[in-house]
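One structure is given below, encoded as structure tokens.
The values are calculated or read from the model by the stated rules, or taken from the named source; none is laboratory data. A quick note: this is a predicted structure, and the numbers were derived from the prediction, not measured. Note that each Cβ is placed from the backbone with ideal geometry, even for glycine, and that neighbours are counted across all protein chains shown. The protein model used for the area step is the full one, side chains on, heavy atoms only, and it has no ligands, DNA or RNA in it. Shrake-Rupley method; radii C 1.70, N 1.55, O 1.52, S 1.80 Å.
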Amino acid sequence: MPHSTNKELVFGIMVGTAGISLLALWYHKVWKPRPTMNSPKFLSLGNTFNSVTLQDETHSDKETATIFQRRQLQILEKLNELLTNMEELKEEIRFLKETIPKLEEYIQDELGGKITVHKISPQHRARKRKLPTIQTATSNSSEEAESEGGYITANTDTEEQSFPVPKPFNTHIEELKLDVLLQKADHLRVNESGKMESFELLCDHKEKFRDEIEFMWRFARAYGDMCELSTNAEEKKHYANIGKTLGERAITRAPLNGYCHLWYAVLCGCVSEFEGLQNKINYGHHFKEHLEVAIRLLPEEPFLYYLKGRYCYTISKLSWIEKKMAATLFGKIPSSTVQEALYNFLKAEELQPGFSLSNYMHLAKCYVDLGESQDAWKFCNLALLLPVVTKEDKEAHKELKKIISSLKRLHDFWKRQNTYRVLLK
């Protein structure tokens, strides 16, 4: 800001302040209303109030003008001080702009030129700052995650700079036919490293098979796997967001494909982990809706019944405030019971015995809640026979230990009770 402009600004403020002061003085003399009190409890203070009012009105015009002039001077002094500080700040910023570009050369000279500085173009920095955002319940746009061609891309420039991407397993990309690629991607998903390799494999072929429905839902599933495997919250959000968008597009392209609905539901659940209560409930609604569609299209898929069992169990444990929030959003309170959850877990076990360690753990948990300890012990023992392979298995195994401990305490309690009864007899 030029110095002449500063003077004009100060002069304008002085004139405006003087005008406001005259207006306030005129208001004080002519239009200022006298305060009134209508409440009976203030009637006893009438004499005191009248005396104070008379004293206020005896202030001379000269004294009032002096007060306003003093305030004007204080304001002008503050403004002048502010303008001076702004000029000093501008000088400091200019000095920093001139100094910072020379910093790299100085450091290199000090360290003997051993450091290779990676220079980043302004365009690249702009792309790096543009992080993908998590979709909310009110907006399904994920433009940040899209490439210029309008398709979600894996390992884009933003992803590589903002989130650690697994080290590629395929240093040499082998061109595979679609059926071979899909079969290989499915078979790799037996453990954590296999899921990462499957993700990389699909990334390598995304340009070739991007419009194939069977590829699209598997690619969405792979992002769900990466969300599950990641331990960083921002990474998990990132993978969940892109995977959910892929799932949406797969459903749009193939609304009668059950696996598209299945993995879209799963990714809605992934995204909901990072949302507030309102969006969490909204995503829960989408989860249930697409899960029901998937079950109608794939009635023999055990994973669907396992997911529905978990949903029913979670709903049965909702607090009152969470249920009221859901009723406000959707017009009815979501309801389910432990018995309904148990039915779905048993259905998954019926379709595929030994389906998963987590399914056994949830069966045991349901039976504990229903007070059927013998059946709870049964499924705890079956769960202990299964290997602990995936991250979900590890979490289920930890929960299983807690269930077994509670069952042992319950068993010891009843054992002591029976002993007391025998002694009392």
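Just a few scattered comments:
- If you go through the range 398-412 and pick out every residue that is open to solvent by less than 100 Å² (accessible area, probe 1.4 Å) and under 16 Å from C366 (Cα atoms), you end up with 8.
- Counted residues, the range 262-278 - those being open to solvent by 10 Å² or more (accessible area, probe 1.4 Å) and either over 22 Å from F303 (Cβ atoms) or not polar (S, T, N, Q) (or both): 11
- Subset of the range 208-236 that is charged (D, E, K, R) and open to solvent by 60 Å² or more (accessible area, probe 1.4 Å) - its residue that is nearest to N279 (Cα to Cα): E234
- Considering the range 361-381, and only residues there that are in a helix (DSSP H, G or I) and surrounded by fewer than 18 Cβ atoms within 10 Å (Cβ to Cβ), the residue that is nearest to the chain's Cα centre (by Cα) turns out to be D369.
- Single condition E395 does not satisfy, out of (1) open to solvent by 40 Å² or more (accessible area, probe 1.4 Å); (2) within 19 Å of C312 (Cα to Cα); (3) at pLDDT 90 or above: (2)
- Residues being closer than 24 Å to L181 by Cα and assigned to a helix (DSSP H, G or I) - total across the range 222-264: 29
- I242 vs. criteria under 11 Å from A220 (Cβ atoms) and either under 21 Å from the mean Cα position of the chain (by Cα) or surrounded by fewer than 18 Cβ atoms within 10 Å (Cβ to Cβ) (or both): yes
- Selection within the range 303-357 - closer than 30 Å to L385 by Cβ, under 25 Å from the mean Cα position of the chain (by Cα) and not in a helix (DSSP H, G or I): K317
- Among residues of the range 168-193 that are in a loop (DSSP other than H, G, I, E, B) and modelled with pLDDT of 90 or more, those with a Cβ under 7 angstrom from a residue that is of a type in the set (K, R) and surrounded by 12 or more Cβ atoms within 10 Å (Cβ to Cβ), sequence gap 6+ or separate chain, pair up as R189/K195.
- Residue in the range 220-228 that is charged (D, E, K, R), in contact (Cβ under 8 Å) with a residue 60 or more places away in the chain and touching a Phe, Trp or Tyr at 6+ places or on another chain (Cβ under 9 Å) present: yes
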